[in-house]
Amino acid sequence: MGFIAMEAIVIRFINVEDGNACNDFHNNFYGKDRTDTQWKWEFLHSGLPEIPFVVAEKDNKILGTLAQIPIRMIDHDGEFLTGKSEEALLDPDIRGKGIYPAMFEKIFAYMESQGTLVVWGFTPAIKANLQAGFEAHTNIGQLFFPMHADAVNVLLKNNTLSKVKIIGIKILCKLSGVFSAASLYSTGVRINNSLAQNICLKTLSTPPDECVDLCRTFVRQWGGTTILRDAGFLSWRIFENLHIRATVRAAYLDDRLLGWVAYSLDDNSVGHIVDIIAASNELNPLDMETVVAVLLKDAVVRLRKMGALGVRAWKVNRHPFDDLVARAARKVGFYFIPRGEWMVLHYLQGSAARPSLRSIDNWYINRIYTEGVLG
Ligand SMILES: CC(C)(COP(=O)(O)OP(=O)(O)OC[C@H]1O[C@@H](n2cnc3c(N)ncnc32)[C@H](O)[C@@H]1OP(=O)(O)O)[C@@H](O)C(=O)NCCC(=O)NCCS
């Protein structure tokens, strides 16, 4: 496109009618085929008076997009609103000119006016986001269960590992058929079998009635904060997902909900743990580790039957439940692999009342926080 005078660029909030042009801008740049209906599903769901989506445009042509998905979270003190950043994209001709920080200025002001405490996102573009006013936090790692040597190419896409580590992972994946299968079938010797046998797993097609109670129990048992997985959020994000609908398997003990795992299979035949959460007023952490291992094992077995080459889950920080998932995952046969994408946060004024948000180890985060394309 060549030289563009920056003063001619307008940054504004969109109207519903801008949806198709915003979606085309995204599809053209990434070579994707996201439908207009999927775009609406993702961005017209906020419930806020203004669509939290800004564009940079010149002569009615969209040259940049930036959006928020408002997400309610819960901690010991109750519920609060956060904004998850999505759709950050500028035409290469207008990068490096302060447009991105200017778009965020508008977004931050609006989200603050709506009572949002913090705006956050996942990104490889650390430098650009620091310039836009974010703090960069924990590096997101992943847990990986290899099932086939081909999984390695997908797994290592966009990684920042050294050559030696890549060779190590390739060898690991080649041996995967032996190691992971053996590990999976011997999970029983590493978990509390009598409890495991009494856990009843069910596939859910709608959000469970106890979903909010489970989130409350979760923050009581494990501390910190997590997404409020209420019926509205779960319906939108999982059960009525217009991209990939994740399968949800819930664990019950004597008809009491203990937690669930949601998983999906992407176009490259890689399985993803979209969500895993578990909590109980009665069971201790060791027993809960068994519950999580049972859920993970169930997801792995079912994903393998669906033809998965491997299964990925996130390992983000030292939140007690994040650590517990990692321990349970290792018992099932997952390996830990660094990934290299960062979480960035920008605290708005209201966050002063919740100082615990400043410590990233207080956040329990997994893939359910992302835009929803993988379920
Ligand atoms: C992210 C983006 C909106 C930032 O725009 P910007 O504020 O004008 O900043 P720039 O593009 O000039 O990038 C600033 C720095 O961040 C780096 N950066 C940008 N995107 C990056 C990415 N995806 N991964 C790693 N670094 C990235 C740039 O290389 C640049 O570094 P340099 O100064 O050392 O050359 C723009 O780079 C973009 O549209 N990138 C493609 C989409 C994207 O990567 N989105 C990531 C999600 S936030």
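The values are calculated or read from the model by the stated rules, or taken from the named source; none is laboratory data. Keep in mind that what you see is a predicted model, and the values were worked out from it rather than measured. Because the Cβ atoms are built from the backbone with ideal geometry, glycine has one as well, and the counts that use them run over all protein chains shown.
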The listed residue being in contact with a helix residue (DSSP H, G or I) (Cβ under 9 Å, 6 or more places away or on another chain), near the ligand (Cβ under 9 Å from one of its atoms), hydrophobic (A, V, I, L, M, F, W, C) and closer than 16 Å to R12 by Cβ, out of I51, I94, I62: I94
Being within 16 Å of the ligand (Cβ to nearest atom), touching a strand residue (DSSP E or B) at 6+ places or on another chain (Cβ under 7 Å) and hydrophobic (A, V, I, L, M, F, W, C) narrows it down to one of I9, I14, so name that one. I9
Filter segment 105-126 for residues that are closer than 23 Å to T226 by Cα and of a type in the set (A, V, I, L, M, F, W, C); which is nearest to the ligand (Cβ to nearest atom)? F122
What's the total number of residues in segment 303-321 that are within 19 Å of the chain's Cα centre (by Cα), of a type in the set (D, E, K, R) and surrounded by fewer than 20 Cβ atoms within 10 Å (Cβ to Cβ)? 1
Is it fair to say P338 is at pLDDT 95 or above, of a type outside the set (A, V, I, L, M) and surrounded by fewer than 24 Cβ atoms within 10 Å (Cβ to Cβ)? no
For segment 264-281, state whether one or more residues are part of a loop (DSSP other than H, G, I, E, B), closer than 24 Å to I140 by Cα and without any contact (Cβ under 8 Å) to a residue 12 or more places away in the chain. yes
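Yes/no matrix, rows are residues, columns are (1) under 19 Å from the mean Cα position of the chain (by Cα); (2) away from the ligand (no atom under 14 Å from the Cβ); (3) part of a strand (DSSP E or B):
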site: E86; (1), (2), (3): yes, no, yes
site: A102; (1), (2), (3): no, no, no
site: A128; (1), (2), (3): no, no, no
site: Q142; (1), (2), (3): yes, yes, yes
